[in-house]
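J.: Here it is: the structure, laid out below.
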Amino acid sequence: MRFSKLLLTLALAGFSVSSVAGVKQYVVTTISWTEGWAYSAMGEARFNDRSSLFCQFFDEVTIGCVATSAAGYSVSCRANAVAMPGFARNVRAMNSASFVALYWDPAHQGTCTDMHLIQGSQFLPDPDFYVPYAKYGTIYISPGVAAGVLSAVRYNNANPNEFISCEIQANGYMACMARDNAGTVAACHATEAENPSFADAVRSINELSRVIFHFDPASGVCSSIDVYQSSHHLL
């Protein structure tokens, strides 16, 4: 199972479920040794016993990542930050709104080959406290633009079908997608080489974020993105 377009796969395939609030995707740590991948949603792993995924810098160059499933099985791999700068930037960007997919060569399990990082409202964990009415909890979509506040969209009980998220791969492929409550989808793609500032913004997305992405409806290419970080956005 190689996720060539992971964001689209997650959004439109069997991972996507609606909850009493905005869309939540229940993704526990899952591992395939034979195919060379492991994935997890950070917020979901946090609340599942023994399930985890983490990466760390041993120095300024060596990165180590470990994934452990709920059954207690683990896999690990290492990457070189100089040889794989996109991988290193993705590691530094991991947060509670992140879905992370690690890849390695099955013949050489100790070497990481890629990381797909998605920052999305649908990966925020369930709250263990009362969440007030989400003032900004509605996805806005019009031709060429989509917008939403991650926390507000995730915890708005009136909008069970909504989410907004962006993906960035270690190789520089990027994509953003949003869906409103009526089922309208806005999506676009880009590359880090062509739009490095877009990549920086995608990596900065977290539960504090209001995200607005712009794109060409004809080509589907992302043109710009604004990420606003505010305490007003945190529920």
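Just so you know, all these numbers are worked out from the coordinates, no wet-lab data involved. These numbers come from a predicted model, not from an experiment. Here the Cβ positions follow ideal geometry from the backbone for every residue, glycine too, while neighbour counts run over all protein chains shown.
J.: Set the Förster distance to 35 Å, then compute FRET efficiency between ARG92 and TYR26 from the Cβ-Cβ distance, nearest 0.05.
T.: Numbers: r = 26 Å, r/R0 = 0.75.
My answer for the efficiency is 0.85.
J.: Additional query: Using Cα pairs under 8 angstrom and six or more residues apart, how large is the relative contact order of region 129-233, in percent?
T.: Numbers: 236 pairs, mean separation 26.6, N = 105.
Relative CO of region 129-233 lands at 25 percent.
J.: Another question, if that's okay. Once the convex hull of the C-alpha atoms of region 56-119 is built, how many Å³ does it hold per residue, rounded to a whole number? Walk me through the numbers on the way to the answer.
T.: Values: hull volume 5.7 nm³, N = 64.
Measuring per residue, one finds 88 Å³ for the Cα hull of region 56-119.
J.: Right, something else. Using only Cα atoms, what Kirkwood radius does region 129-233 have, in angstroms?
T.: So the Kirkwood estimate lands at 13.8 Å.
J.: Additional query: What's the local net charge at TYR140, with K and R +1, D and E -1, over the other residues with C-beta under 11 Å away? Don't skip to the end; give the middle numbers.
T.: On the way: positive: ARG210; negative: GLU162, ASP180.
Residues close to TYR140 contribute a combined charge of -1.
J.: Further, regarding this structure: By count of other Cβ within 10 Å, fewest leading, how are THR68, THR111 ordered? Present the calculation step by step, with values, prior to reporting the outcome.
T.: Details: THR68 20, THR111 14.
Least crowded to most crowded, the residues run THR111, THR68.
J.: Also: Return the equivalent ellipsoid semi-axes of region 55-213 as a descending list in whole Å, where each equals the square root of 5 times an eigenvalue of the C-alpha gyration tensor.
T.: Working: eigenvalues 184, 73, 32 Å².
Equivalent ellipsoid of region 55-213: 30, 19, 13 Å, largest first.
J.: To make sure I understand, if each residue's beta carbon is the centre and we count other beta carbons within 10 Å, what order do ARG78, ARG154, ARG89 fall in, fewest to most? The partial results should precede the final answer.
T.: Working: ARG78 14, ARG154 32, ARG89 18.
Neighbour counts put them in this order, fewest first: ARG78, ARG89, ARG154.
J.: Under the rule of at least 5 residues apart or a separate chain, name every residue whose amide H is placed under 5 Å from the amide H of TYR26.
T.: VAL17
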